[in-house]
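The values are calculated or read from the model by the stated rules, or taken from the named source; none is laboratory data. Given the structure is predicted, the values throughout are model-derived calculations rather than measurements. Glycine gets a Cβ as well: all are built from the backbone with ideal geometry, and neighbour counts include every protein chain shown. Calculation scope for accessible area: heavy atoms of the full protein, side chains included, ligands and nucleic acids excluded. Shrake-Rupley method; radii C 1.70, N 1.55, O 1.52, S 1.80 Å.
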Amino acid sequence: MNAFTFPISQRAATMKSSVIYDILKMTERPEVISFAGGLPTPEGFPVEQLHKAFDTIFQTQAKTALQYGSSEGYRPLREWIVRDFKARGVDIQVENVLIVSGSQQALDLIGKLFLDEGSKVLFESPSYLGAIQSLNQFSPCYDTIPTDEKGLIPEALTSDLTKDARFAYVLPNFQNPTGRTLCLARRIALVKRAAELNLPLVEDDPYGELRFEGEALPSLFALSQQYGGTVIRMGSFSKILSPGLRIGFITAPVHIIDKLVQLKQATDLQTSTINQMAVYETVKDGFLDVHLPKVRELYHRQCHYMLEALEEHFAGMEVSWTRPTGGMFIWMTFHQPDMDTTQLLYRAIEEQHVAYVPGEPFFPSKPEKNHLRLSFVTVPEDKIRAGVAQLARLFR
Ligand code: PMP
């Protein structure tokens, strides 16, 4: 129902809160075990460390912290990011770094930079729901990059598919929603191919630091230094410190950063000075080296419980699921093509008191209904086991 008695923009009028979002509000009831949230676990928030950081800032630099700052971001934090990249063998300068108000803002700015109405943009299918929502503001036309069980297929980027595409949005690490990671050979092939086709890659990597198995792989951004092409990489402190701080960052060639700075100025002038300072104060002396192993260990355990419970309760059923080596999500695929997880969500919550996110909204076009996403990070072990059993009862 439209309650507006005066005209609003088409953009706003066509945006709708999804039915799924409304159903998921029901998961706030205490009896519901929710695997639906995309939130990191509060167990992983470094409360004391952040408290200390804010105290120090108030004691020593309160006036700077409470003042406006530059649109590019707090310089010491940008310099820390440069050092962090250099430690991983990626050579960047401070001019290559823009601090943003969460990587969600990076998506908005990248949309503003690249997209006109009807512009073509390439997506993995499925992909991050929040990216689809954000870019929908610009009414683009989505085309999908074919994928298989190992993620996107670089060879599928043909000149036909990429013709007139403004960029390809990709999540190489522990993809949201599938939990899949792109192997090194595919990363190299993707970067090379995109360079040949002059196709910018937008690399979204909020989960890369949450690897709990296997060796870290170079980012597409790092590989572009070797193989050429343009990669705009989005990073975030949301999953490694706290999402409430709203601190993310973009690394990209200087001319792209300069344009993004203009767009950011028009959007919000700058990201919170005090929060940037608090992040810098927290990470500057190597805190992440002690903090992250604990978060990874916790997520590893939780993922293991969920995989065990899935093996136990879904045995013999026509369903498969991914086995992530990091991140927060498992993706389930039901082999009956008429299975509709969106339709079943209401019953899952009402009858079985368990919630998931149906697969449908993760598809930028041609939605498939036989998938669902489970988060293994916020629910404790006993509830993971109980919740998976309840879920299996529904699908049985
Ligand atoms: N990208 C992906 C893939 C995400 O999953 C999220 C958060 N769920 C974001 C971006 C946004 O993160 P933030 O704005 O908190 O950095």
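Overview of values
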quantity	calculated
Pairwise Lys count, segment 153-307 - Cα closer than 28 Å, eight or more residues apart or different chains	9
Linear extension gain, Met15 paired with Leu184, 0.36 nm per residue minus alpha-carbon span	57.1 nm
Coil-residue chymotrypsin sites (Phe, Trp or Tyr not before Pro) of segment 57-155, DSSP, other Cβ within 10 Å capped at 10	Tyr68
Neighbour cut-off at most 14 other Cβ (10 Å), DSSP loop, GluC sites (Glu not before Pro), segment 201-247	Glu213, Glu215
Reachable aspartates and glutamates from Lys63, criterion Cα separation under 15 angstrom, eight or more residues apart if same chain	Asp55
FRET efficiency, 1/(1 + (r/R0)^6) with R0 41 Å, evaluated for Thr267 and Gln343 via beta carbons	0.60
Projected label distance in nm at Gln93 and Ile8, using a 7 Å step from Cα toward the beta-carbon	4.5 nm
GluC sites (Glu not before Pro) restricted to DSSP loop in segment 88-160 with at most 10 other C-beta within 10 Å	Glu117, Glu149
Solvent exposure ordering (accessible area, 1.4 Å, most first) of Arg301, Arg193, Arg396	Arg396, Arg301, Arg193
Unit charges at the beta carbon, dipole of segment 198-335: most positive-side option, Met234, Ile330, Met277	Met277
Efficiency of FRET from Cβ geometry, Leu298 and Thr64, R₀ 35 Å, rounded to 0.05	0.50
Cut-off 12 Å between beta-carbons: net charge of the residues surrounding Gln226, Lys and Arg +1, Asp and Glu -1	+1
Protection proxy ranking, peptides 346-355, 3-12, 219-228, average beta carbon neighbours within 10 Å, highest first	219-228, 346-355, 3-12
Beta bridges by DSSP in the chain, antiparallel share as percent, to the nearest 5	55 percent
3J(HN,Hα) from dihedral phi, segment 206-212, Karplus parametrisation 6.51/-1.76/1.60, rounded to Hz, x for glycine, proline	x, 10, x, 7, 9, 6, 10
